[in-house]
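Notes follow once the structure below has been shown.
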Amino acid sequence: MGSRSFEGVRFCVYSNDHSPRHVHAFLAETRVIIDLLQSGEVRLAQREKAITPPDSKITDVRKALRVAAEYFDELALLWENTHGTT
């Protein structure tokens, strides 16, 4: 597992995880799965339980997405270092 923290958000990439390229973001009691798109953009993962718990604060979700976008290059490198591919 690799992890980095930026602006109070902890981002993790798990070595046994799967494509597409993504990170797990942790902020307060919220976990958000964020896809790191080849275009250099981020988006909320298109899957069940992309936000847990379901009643997480929307401000926490938005912050996780904003910070992931701001540190996209570092997070993409974290994925590559953990998985060896993009």
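The values are calculated or read from the model by the stated rules, or taken from the named source; none is laboratory data. What you see is a predicted model, and the numbers here were worked out from it, not measured in a lab. Quick note on the areas: whole protein, heavy atoms, side chains included, nothing else; ligands and nucleic acids left out. Shrake-Rupley method; radii C 1.70, N 1.55, O 1.52, S 1.80 Å.
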How much accessible area per residue does region 21-86 have, in Å², with a 1.4 Å probe? 58
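Return the carbon/sulfur percentage of the accessible area of the chain, one whole number, probe 1.4 Å, all protein chains in place. Working shown, then result.
Values: 2410 of 5040 Å².
The value for the chain is 48 percent carbon and sulfur by accessible area.
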How big is the chain on each of its three principal axes, counting only the C-alpha atoms and giving the largest first in Å? 34, 25, 24
